[in-house]
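**Q** Before we start, here is the structure in question, set down as structure tokens.
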Amino acid sequence: MTTRFSLSAPLSAPLKVLLNVNNLCNLQCPYCYSDSGPSKRVPELTREELLGLADELGAMRVFSVNVLGGEPLLRKDLFELLARLRHHRISVELVTNGTLLKPDQVTRLRDLGVNVSLSIDGGSEETNRELRGRGSFAKAYRAAQLLGQAGSLTSVAMTVTRLNIRHVREFVETFHDIGARSLDFNRLYPTHRVRQRWNELFPRPSESAALAAELAEIQHTYPGLKLGGSYVGWATKYRGAPARGEQDDGYWACGAGLRTCIVRPDGWVTPCNSMWEYTCGNVREQSFREIWESAPGLKRLRDLASVPYTEQTACNGCSHRASCRGGCHAAALAAEGTVFGRDPICWEFNGQVRRDSDFEQRYRPKSLRSALDSFSVVANPPSPR
């Protein structure tokens with residue numbers, strides 16, 4: 001029997017915490033959700049604060065922690081933090097661009113039992129250069145080779161944009177036998193720099209439809225290859241998949257604030273990386289447990305999750321709404337000004353858009369901070385019809 005998690009009540013601890021340890025990064029990707037870069041410094045949590053947080057997550061029996069940035073390898077105390085998390089038997093994944101990774105560090109990561117997700121945005125120097133800068137591909141590719149040989153490479157991940165969406169097959173051909181357990185394709189979210197370059201970066205419906213077909217062809221070509229990431233999830237879990245039924249529990253729905261949450265480098269807790277500006281409490285002022293259990297901001301999202309999906313009128317008539325429950329609410333909110341709007345990447349809706357220009361007129365992302373401040377949740381939602 002498959003275990004499911006209820007969306008009507010929070011877990012005693014998140015299943016996964018994404019722990020952002022810095023904003024400093026040697027690269028400056030145009031879609032970065034945290035607005036990281038070479039000169040992006042914030043008042044980061046100190047060594048003592050991070051180790052104390054690791055102890056608290058261990059005491060709460062958090063199942064897994066992703067450690068990311070910025071570029072986490074720029075922190076001198078990174079391996080001490082990783083060791084502390086592993087001491088508590090927490091599953092740990094390091095998310096890095098790989099360009100700074102050294103052979104001895106690969107050995108240390110393997111010995112600690114830390115898995116690594118490598119971010120690369122193309123299968124060649126030419127493709128990767130446009131998004132991550134000249135020379136970054138060769139360094140990241142070497143890191144992928146070393147990690148694959150060590151058995152520590154969880155995934156190689158591409159963020160899909162209009163600049164690289166036509167090079168997905170090239171990416172797969174380059175990395176399919178590198179030793180990664182998965183090749184991931186992740187979507188853009190309307191945060192920070194993406195809002196400034198939305199029309200330039202966000203794939204249009206015709207491009208997304210073409211990618212969905214291409215991913216299916218790739219899976220047929222490489223039947224033993226695992227394809228993952230949020231973009232693949234939207235393409236394969238819903239589009240063309242059998243409906244899961246009106247009584248589905250929403251297991252595949254957004255888990256922000258219910259199953260997962262984020263700790264920013266400055267200690268602020270947010271529901272997810274696409275809600276970077278939606279702060280719910282700071283671990284410098286409260287315990288992480290207190291924030292998770294009682295923060296009003298997280299409660300609002302949990303109240304939203306309890307609203308019957310039949311009240312989300314934008315999704316009426318969709319056979320997958322019971323599983324999806326509206327997709328990414330942060331993206332819908334930023335794009336349409338309501339959490340009950342359509343997620344811009346919705347495969348069902350995009351299949352109905354006849355012209356890319358219609359999409360461009362419909363979606364003009366707003367400030368997520370102001371949009372989040374303005375949304376309200378029905379106090380006593382009606383029962384499903």
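The values are calculated or read from the model by the stated rules, or taken from the named source; none is laboratory data. Everything quoted here is computed from the prediction, not taken from an experiment. Don't worry about glycine lacking a Cβ; one is built from the backbone with ideal geometry, like all the others, and counts go over all protein chains shown. Surface accessibility is based on the protein's heavy atoms, side chains included, excluding ligands, DNA and RNA. Shrake-Rupley method; radii C 1.70, N 1.55, O 1.52, S 1.80 Å.
**Q** Suppose R0 equals 22 Å; then what is the FRET efficiency for S39 and E200 from their Cβ-Cβ distance, rounded to the nearest 0.05? If you can, show how the numbers build up before the last one.
**A** On the way: r = 23 Å, r/R0 = 1.04.
With a Förster radius of 22 Å, E is 0.45.
**Q** How would H167, H192 rank on accessible area, largest to smallest, probe 1.4 Å? Please list the in-between numbers first.
**A** Working: H167 70, H192 45 Å².
Correct descending sequence by accessible area is H167, H192.
**Q** Further, regarding this structure: Please give the FRET efficiency for E125 paired with D77, using the beta carbon to beta carbon distance and R0 = 30 Å, rounded to the nearest 0.05.
**A** Working: r = 33 Å, r/R0 = 1.09.
The calculated FRET efficiency here is 0.40.
**Q** Would you mind computing, in nm to one decimal, how far apart the modelled labels at S294 and R108 are, each placed 7 Å from Cα along Cα→Cβ?
**A** Those two pseudo-labels are separated by 3.9 nm.
**Q** Right, here's the next one. Contour minus end-to-end for S182 and A216, with contour as 0.36 nm per residue of separation and end-to-end as the Cα-Cα distance?
**A** On the way: separation 34, 0.36 × 34 = 12.24 nm, distance 1.53 nm.
Additional length available on full extension: 10.7 nm.
**Q** So which trypsin sites (Lys or Arg not before Pro) in the range 54-154 pass both tests, a DSSP loop state and at most 12 other Cβ atoms within 10 Å of the Cβ?
**A** Details: sites: R61, R75, K76, R84, R86, R89, R108, R110, R129, R132, R134, K139, R142; in loops: R61, R75, K76, R89, R134.
Hits after loop and neighbour filter: R61, K76, R89, R134.
**Q** Return the sequence-ordered ³J(HN,Hα) values of the range 193-209 in whole Hz as given by the Karplus equation 6.51 cos²θ - 1.76 cosθ + 1.60 applied to θ = phi - 60°, using x for Gly and Pro.
**A** 5, 4, 4, 6, 10, 4, 5, 6, 9, 7, x, 7, x, 5, 6, 5, 5
**Q** Taking amide H positions as placed 1.01 Å from N in the peptide plane, with prolines and chain starts having none, which residues 5 or more places from A157, or on another chain, fall under 5 Å of its amide H?
**A** Sorted by chain and number, the residues that satisfy this are L118, S119, I120, D184.
**Q** Note down the relative contact order for the range 7-52 as a percent, whole number, built from C-alpha pairs under 8 angstrom at least six residues apart.
**A** On the way: 31 pairs, mean separation 14.3, N = 46.
Over the range 7-52, the number comes to 31 percent.
**Q** With the contact rule set at Cα under 8 Å and sequence spacing of 6 or more, what percent relative contact order holds for the range 93-135?
**A** On the way: 32 pairs, mean separation 17.0, N = 43.
Worked out over the range 93-135, it gives 40 percent.
**Q** For the range 1-108, run through the chymotrypsin sites (Phe, Trp or Tyr not before Pro) and keep only the ones in DSSP coil with at most 16 other Cβ atoms within 10 Å of their Cβ. Display every interim value, and only then the final one.
**A** Values: sites: F5, Y31, Y33, F63, F79; in loops: F5, Y31, Y33, F63.
For chymotrypsin sites (Phe, Trp or Tyr not before Pro) across the range 1-108 that sit outside H, G, I, E and B with at most 16 neighbouring Cβ atoms in 10 Å, the list reads F5, F63.
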